[in-house]
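We did not get these values from a lab; they are worked out from the coordinates using the rules stated. Not measured: the values here are computed from a predicted model. Please note: Cβ atoms are built from the backbone with ideal geometry, for glycine as well, and neighbour counts cover all protein chains shown.
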């Protein structure tokens, strides 16, 4: 891809991340974004249909980066993947905290955690033989919702706790909950 295109896209990405610090995603307009980024609206529309499309492409890129870690996970898919997500949030704090924060996309973290749904359910079916598929789906939803709550609280508090501590905390809750089904 041409360097100018990459620079334009990077400028737009950086600008929307800054805007998310003060405004909700739904309140950011293409005009405001382009003015702040010093980019012509026509140029914006060459690459994106609207602000939501830009956010979607940013999120898709981040999700693709996280997908690279899935093949390395051998067991405890959801728990192991959650640890990697937390570590990645800490490494790329500015982008993730804005996208996952109060003004960002409230479905983004759920989309990330759904990436290991099939692997987790298959693993749990082997371990939790007495549980139905419906029960496993409920367990997955419960763990995902709890994980989202903990991660959002961690972000809201400025990611002050060590990522590893948050991951271990989530792991303990998940393992104690799952053990009751064995």
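Observations on the model:
- Principal-axis analysis of the Cα atoms of the chain puts helix 77-91 at an angle of about 30° to the longest axis.
- Label-to-label distance, residue 6 versus residue 26, with points set 7 angstrom from Cα along the beta-carbon direction: 3.7 nm.
- Column: log10 I(q)/I(0), Debye, Cα scatterers of the chain, q = 0.08, 0.18, 0.20 Å⁻¹: -0.31, -1.13, -1.30
- Crossing angle, helix 51-67 versus the chain [Cα axis fit, 0-90 degrees, rounded to tens]: 40
- Nearest 10 degrees, 0 to 90: helix 117-127 Cα axis against the chain principal axis: 10
- Gaussian network model of the chain, Cα within-10 Å springs - most flexible of 79, 70, 112: 70
- Additional length obtainable on full extension of the chain from residue 180 to residue 40, 0.36 nm per residue less Cα span: 44.6 nm
- Mean separation of Cα contacts under 8 Å, 6 or more apart, over the residue count of the chain: relative contact order %: 23
- Reported to the nearest whole Å, the Cα centre-to-centre distance from region 38-72 to region 150-181 is 28.
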